[in-house]
Amino acid sequence: MATASSSDSDSGRAESNEANSKWLDAHYDPMANIHTFSSCLALADLHGDGEYKLVVGDLGPGGQEPRLKVLKGPTVLTESPLPALPAAAATFLMDQHEPRASALALASGPCVYVYKNLRPYFKFTLPPLPPNPVEQDLWNQAKEDRIDPLTLKEMLEGIREKAEVPLSVQSLRFLQLELSDMEAFVNQHKSKAIKRQTVITTMTTLKKNLADEDAVSCLVLGTENKELLVLDPEAFTILAKMSLPSVPVFLEVSGQFDVEFRLAAACRNGNIYILRRDSKRPKYCIELSAQAVGLVRVHKILVVGSTQDSLHGFTYKGKRLWTVQMPAAILTMNLLEQSFRGLQAVVAGLANGEVRIYRDKALLNVIRTPDAVTSLCFGRYGREDNTLVMTTRGGGLIIKILKRTAVFVEGGGEVGPPPAQATKLNVPRKTRLYVDQTLREREAGTAMHRTFQTDLYLLRLRAARAYVQALESSLSPVSVTAREPLKLHAVVQGLGPTFKLTLHLQNTSTARPILGLLICFLYDEALYALPRAFFKVPLLVPGLNYPLETFVESLSDKGISDLIKVLVLREGQSAPLLSAHINMPVSEGLAAA
């Protein structure tokens, strides 16, 4: 009886958890043997029949070769080998022809393999890079038998340590060989040309000229030689090329290529670089405190997962908006989007077997899985619009369907108050002075506000009067009249008793020169002596800065200083156009004497 009652309670608890969950368990196969990352997962209608399929770039662990797998429901529809490890998979529309079937692009090594209707359609190869000229010369000498393999190895090792241009694959393979195998390798490859080829590290898609969901898209590639390439969707030619300070590992794009777009690239140096349509170099840089493990764009916010077990939200200009600490390490990230509800959120798979869904920094839902999730993808699968596909560390496949009645509510993933609510605030004790001041403010609050307003109005009035007086007496170093737009700046140089006084006078008008100006110095003749206290100013050409130099000699031996007034006058007028007051420094030469 006790056993029967415990089993009934367990089944009842499982049924209640299933009823409270927002997800339906569609499929779970722990022996699916799928090992991949989120960048190599894609959901698309490959045949134009409305049946969405899952595309997997399988890494093939345990000595197995990498493979391209296409799943329909829980079963593998097709499977084909790949020549190298896959870096990314993406689906896109190449043209407007009917039926609207998506093409599949798979990045592997230096190539992008494009499939249409699951058949090979095109192979794009990255353009080769120029080889190291010193390396080329060494292989030419080996071809002519002028150096032996041992000397070739020593010189190639020297190049690898010091040269800025990396060695080719042929030279790197040669350096890994034993001495007995070097001569045969040189004889086999010395007649071949040196080729240096880069590889693709990441890939995504960018709309060509329309923002519609079924619009034509371009491929955006990130390469090992720190470049970003945008490919034409029909001819597969390079439309644009951009350079980065480091190797890109994650890409996020928004906009259209022919109109305006912004591109965010998370790189291996721990920074995120923002590029725009007309920029060949990054416009903004976001410096992270740790390496990025994922990058997702949610509306106008970049959500970054770091190796410090945290999620960060940034604007495209690099301003940090929020940070959320995770209970475990982040293994993978992707976007969850419900178009009909206008919801965009981030799905993060953690090392403790949890899958967390966040909108900004608010936790919406937590999914617990039997094994840690290493890749995930959300979208339409089969004929269900909201399907979450996950693969685990052990190679398992988990498929969950979001209930049509499910609504995500902030805080729905946690039970009880947030942890910050339990933190005790360090509130200081109320002193007697604080209590008396509070009582005074309560009793005389109206009078205090009126006094503050009166003082504020008086301050504004005095500032306005001082400004008007400065304009009327030309005390400002910048002229306010439209007839003589001038700007004056003075610089004093020297230790004393002789100082060098340089006046920088500039005509700020756009096209009219100024002629007939005078400069006058007003000073205490008992303290200072000037060789010329009054002189004419030459013709002032618009936009040029005219330095006017003179010398000032300090006559006092008591270590005191005074003001020297500089007036800019117009011939025939007594009122100055502008003036400057120069605070002369104390003559250190006389003080020392």
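The values are calculated or read from the model by the stated rules, or taken from the named source; none is laboratory data. Computed from a predicted model, the values in this text were never measured in an experiment. No Cβ is skipped: glycine too gets one built from the backbone with ideal geometry, and neighbour counts run over all protein chains shown. All accessible areas refer to the heavy atoms of the entire protein, side chains included, with ligands and DNA or RNA removed. Shrake-Rupley method; radii C 1.70, N 1.55, O 1.52, S 1.80 Å.
Quick rundown of the values:
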quantity: Inter-residue pairs, beta-carbon under 6 Å, first in a loop (DSSP other than H, G, I, E, B) and in the stretch 187-209, second among the basic types (Lys, Arg), 6+ apart; calculated: Lys190/Lys143
quantity: Subset of the stretch 280-291 (residues that are under 25 Å from Leu239 (Cβ atoms) and either open to solvent by less than 80 Å² (accessible area, probe 1.4 Å) or touching a residue at least 60 places away in the same chain (Cβ under 8 Å) (or both)); calculated: Pro282, Tyr284, Cys285
quantity: Subset of the stretch 515-528 [of a type outside the set (Asp, Glu) and either surrounded by fewer than 15 Cβ atoms within 10 Å (Cβ to Cβ) or modelled with pLDDT under 85 (or both)]; calculated: Leu515, Gly516, Cys520, Leu522, Ala526
quantity: Matching residues, the stretch 381-403, being part of a loop (DSSP other than H, G, I, E, B) and open to solvent by 10 Å² or more (accessible area, probe 1.4 Å); calculated: Arg383, Arg393, Gly394, Lys403
quantity: Matching residues in the stretch 340-373 - criterion: being open to solvent by 40 Å² or more (accessible area, probe 1.4 Å) and either in a strand (DSSP E or B) or closer than 20 Å to Ile399 by Cβ (or both); calculated: Arg359, Arg368, Pro370, Asp371
quantity: Matching residues, the stretch 572-591, being closer than 16 Å to Phe535 by Cα and open to solvent by 80 Å² or more (accessible area, probe 1.4 Å); calculated: Gly572, Gln573, Ser574
quantity: Lone unmet requirement of (1) farther than 22 Å from Asp29 by Cα; (2) in contact (Cβ under 8 Å) with a residue 24 or more places away in the chain; (3) out of contact with any helix residue (DSSP H, G or I) (no Cβ under 8 Å at 6 or more places or on another chain) for Pro86; calculated: (3)
quantity: Boolean, Tyr381 is at pLDDT 85 or above and within 30 Å of Gly50 (Cα to Cα); calculated: yes
quantity: Strands (runs of 3 or more DSSP E) completely within the stretch 34-150 that count 1 or more residues being touching an Asp or Glu at 6+ places or on another chain (Cβ under 8 Å) and surrounded by 19 or more Cβ atoms within 10 Å (Cβ to Cβ); calculated: 53-58, 67-72, 86-92
quantity: Tally of residues being over 15 Å from Phe185 (Cα atoms) and surrounded by 14 or more Cβ atoms within 10 Å (Cβ to Cβ) across the stretch 151-162; calculated: 3
quantity: Some residue of the stretch 164-171 being in contact with a helix residue (DSSP H, G or I) (Cβ under 7 Å, 6 or more places away or on another chain), part of a helix (DSSP H, G or I) and not assigned by the TED database to the domain that holds Gln256; calculated: yes
quantity: Pairs where the first residue, in the stretch 335-351, is more than 20 Å from Ser39 (Cα to Cα) and the second is at pLDDT below 85 and β-branched (Val, Ile, Thr), C-beta under 9 Å, 6+ apart; calculated: Arg341/Val407
quantity: Exclusive hit being of a type in the set (Val, Ile, Thr), open to solvent by 70 Å² or more (accessible area, probe 1.4 Å) and modelled with pLDDT of 85 or more, set Thr502, Thr454; calculated: Thr454
quantity: Residue match in the stretch 557-567 (condition: in the same structural domain as Thr510 (by the TED database), touching a residue at least 40 places away in the same chain (Cβ under 8 Å), outside any strand (DSSP E or B) and of a type in the set (Gly, Ala, Ser)); calculated: no
quantity: Output for the stretch 301-321, where each listed residue is more than 18 Å from Cys285 (Cβ to Cβ) and in contact (Cβ under 8 Å) with a residue 24 or more places away in the chain; calculated: Gly305, Leu311
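This table checks each residue for (1) in a strand (DSSP E or B); (2) open to solvent by less than 10 Å² (accessible area, probe 1.4 Å).
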| site | (1), (2) |
| --- | --- |
| Pro245 | no, no |
| Asp258 | no, no |
| Asp278 | no, no |
| Val293 | yes, no |
| Val296 | yes, yes |
| Val304 | yes, yes |
| Trp322 | yes, no |
| Leu331 | yes, no |
| Leu336 | yes, yes |
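Every residue, every condition in (1) closer than 23 Å to Pro485 by Cβ; (2) open to solvent by 30 Å² or more (accessible area, probe 1.4 Å), yes or no:
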residue	(1), (2)
Arg512	yes, yes
Ala533	no, yes
Pro538	yes, yes
Leu548	yes, no
Ser556	no, no
Gly559	no, yes
Arg570	yes, yes
